[in-house]
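Enquirer: Before I ask anything, let me first share the structure, which is written out below as structure tokens.
The values are calculated or read from the model by the stated rules, or taken from the named source; none is laboratory data. These numbers come from a predicted model, not from an experiment. In this analysis, Cβ positions are derived from the backbone assuming ideal geometry, glycine residues included, and neighbour counts consider all displayed protein chains. Side chains are part of the model used for accessible areas, which takes the heavy atoms of the whole protein and leaves out ligands, DNA and RNA. Shrake-Rupley method; radii C 1.70, N 1.55, O 1.52, S 1.80 Å.
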Amino acid sequence: MEQRETRCVPGRDAGRAEPPGSPSADHGRSGERQAAIRCAALLLAMLLLIDVGSGGLTTVRAVLWTGLAVLLFVVLLPPRVTAGEGWLASRGLLRERTVRTDRLVSVRWSDGVAQRLVLRDLDGGRVELDPRVLVANPRLWRLLDAGARTSLGRGTLLYGAAALRQLSRRIDGETVRSVFTVSGLE
């Protein structure tokens with residue numbers, strides 16, 4: 001009898017087994033993390049320089065400015081998105097959310113200034129992510145798309161096929177643009 005290796009899916013349902021397959025992560029996150037660090041450091045440096053220049057720098061104010069810079073870093077830090085066969089997770093600074101992509105019930109665009117893709121599964125899991133992460137990481141998109149197709153085939157994906165088609169067209173367009181740019185045809 002063959003044994004299958006299983007690992008725990010990180011996040012809210014640690015007891016649930018993750019399907020086999022090598023997980024994929026958002027590789028563009030490190031650049032965004034560095035930009036968040038630079039912005040926070042620049043803000044802190046500017047605030048401290050202004051206070052030193054005006055002669056009003058105190059320990060309390062330095063701690064306050066440092067706290068403000070840390071808050072800016074937390075706001076700008078993007079979540080880490082990882083995916084594997086049948087699951088997708090988004091880890092922020094304080095918590096991780098996981099959905100089973102092979103058990104999706106809805107995929108929709110969120111309302112608001114920043115467009116987000118909201119995924120929900122049968123178990124109540126919910127992940128909200130920036131679609132640019134999927135555009136920049138084709139492996140993440142392929143894993144999500146494969147899971148969503150499984151959900152469609154099982155009949156669990158009740159709402160969101162149009163959102164997935166729209167995202168697929170966007171990713172295909174970006175891929176074509178990239179190929180043309182690399183080959184010098186654009």
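Enquirer: State all residues of the range 171-184 that are touching a Leu at 6+ places or on another chain (Cβ under 9 Å), within 18 Å of Leu117 (Cα to Cα) and either open to solvent by 30 Å² or more (accessible area, probe 1.4 Å) or without any contact (Cβ under 8 Å) to a residue 24 or more places away in the chain (or both); if no residue qualifies, say none.
Expert: Matches in the range 171-184: none.
Enquirer: Quick check on the range 109-138: of everything there that is over 30 Å from Leu72 (Cβ atoms) and part of a strand (DSSP E or B), which residue is nearest to the chain's Cα centre (by Cα)?
Expert: This residue is Arg120.
Enquirer: Here's a follow-up. Of all residues in the range 84-108, which are open to solvent by 80 Å² or more (accessible area, probe 1.4 Å), assigned to a loop (DSSP other than H, G, I, E, B) and under 24 Å from Arg154 (Cβ atoms)?
Expert: Glu85, the sole residue that qualifies.
Enquirer: Say we look at the range 17-34 and pick out the residues that are touching a Pro at 6+ places or on another chain (Cβ under 9 Å) and either open to solvent by 70 Å² or more (accessible area, probe 1.4 Å) or of a type in the set (A, V, I, L, M) (or both); which of these is modelled with the lowest pLDDT?
Expert: That would be Glu32.
Enquirer: While we're looking at this one, here's another question. With Val60, Val52, Val75 as the choices, which residue is in a helix (DSSP H, G or I), modelled with pLDDT under 95, under 22 Å from Leu94 (Cβ atoms) and not polar (S, T, N, Q)?
Expert: Val75
Enquirer: Oh, and also: Kindly list the number of the only condition in (1) farther than 26 Å from Val176 by Cβ; (2) crowded, with 17+ Cβ neighbours inside 10 Å that fails for Val81.
Expert: All conditions are met except number (1).
Enquirer: Among the residues of the range 139-159, write down those that are surrounded by 21 or more Cβ atoms within 10 Å (Cβ to Cβ) and over 19 Å from the mean Cα position of the chain (by Cα).
Expert: Ser151, Leu157
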